[in-house]
1. Would you mind finding the one in Ala143, Ala147 that is out of contact with any strand residue (DSSP E or B) (no Cβ under 7 Å at 6 or more places or on another chain) and either at pLDDT 95 or above or over 18 Å from Ser40 (Cα atoms) (or both)?
2. Considering (1) crowded, with 16+ Cβ neighbours inside 10 Å; (2) free of Cβ contacts under 8 Å to residues at least 40 places away in the same chain; (3) hydroxyl-bearing (Ser, Thr, Tyr), say which one Ser138 fails and leave the rest.
3. In the range 48-60, which residues are buried (at least 18 other Cβ atoms within 10 Å of the Cβ) and assigned to a loop (DSSP other than H, G, I, E, B)?
4. Does Ser138 qualify as being at pLDDT 95 or above, in contact with a Leu (Cβ under 9 Å, 6 or more places away or on another chain) and of a type in the set (S, T, N, Q)?
5. If we scan the range 146-157, do we find a residue that is within 17 Å of Ala37 (Cα to Cα) and of a type outside the set (Ser, Thr, Tyr)?
6. With the condition kept exactly as written, say whether any residue in the range 8-30 is within 24 Å of the chain's Cα centre (by Cα), at pLDDT 60 or above, surrounded by 10 or more Cβ atoms within 10 Å (Cβ to Cβ) and of a type in the set (D, E, K, R).
7. Does Ala109 meet the test of being touching a Phe, Trp or Tyr at 6+ places or on another chain (Cβ under 7 Å) and aliphatic (A, V, I, L, M)?
8. Of the numbered conditions (1) closer than 17 Å to Trp39 by Cβ; (2) touching a residue at least 12 places away in the same chain (Cβ under 8 Å), Ala77 fails exactly one; give the number of that condition.
Amino acid sequence: MRMKKSVMTLLLTFAALACESNPAEVKKEPNEFPLRANWSATVAPATGTLRASTTIKEFLGSRLEATITVTGAAPNAAFQWRIFKGDCATTTTGSTTTPTGLALLATTASYPDITTSGGTGTVTPEIAGALDSLTAYSVRIRAAQTATNWNGLSPLACGNLQRS
């Protein structure tokens, strides 16, 4: 009985040591996930002078770090922006029955308004979600409004996201 207990203790010790040398680890913080892809878009005006540049770092774990900088705007102006599935040529909204139209990526709360100072403004939100390299996406901007549930139609400016 005593020998059996000693053997079990020895086996448990070896098992514990083997686990310590295992390179697999649990990732708990979002900044611990590796970079999966970089995305960018040059956002051009539909009308007017509003332009923007967008860069997105996509991390494993469904997290996006976005930076969008607006230029050519009036001072102290505010804009709403969104990432939509669908390129800038898409002019219809999507639904469960017509999946080819525009569809918002993430929730409206993921997109803080951009406020300009001297005609430029930048926001750098983190967005929960992942981008599919086989899907077209666009960054669309409109003047800030009380309603946040924008379907992406009639933007002031639009740019197609490209994976690099």
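The values are calculated or read from the model by the stated rules, or taken from the named source; none is laboratory data. Keep in mind the model is a prediction, meaning the values are calculated, not measured. Neighbour counts are summed over all protein chains in view; Cβ atoms, including those assigned to glycine, are modelled from backbone coordinates with ideal geometry.
1. When all the criteria are applied, what remains is Ala147.
2. Looking at each condition in turn, Ser138 falls short on (2).
3. Leu50
4. Values: at pLDDT 95 or above: yes; in contact with a Leu (Cβ under 9 Å, 6 or more places away or on another chain): yes; of a type in the set (S, T, N, Q): yes.
Judged against the criteria, Ser138 is a match.
5. No, because not a single residue in the range 146-157 is within 17 Å of Ala37 (Cα to Cα) and of a type outside the set (Ser, Thr, Tyr).
6. Scanning the range 8-30, I find no residue that is within 24 Å of the chain's Cα centre (by Cα), at pLDDT 60 or above, surrounded by 10 or more Cβ atoms within 10 Å (Cβ to Cβ) and of a type in the set (D, E, K, R), so the answer is no.
7. Answer is no for this residue.
8. (1)
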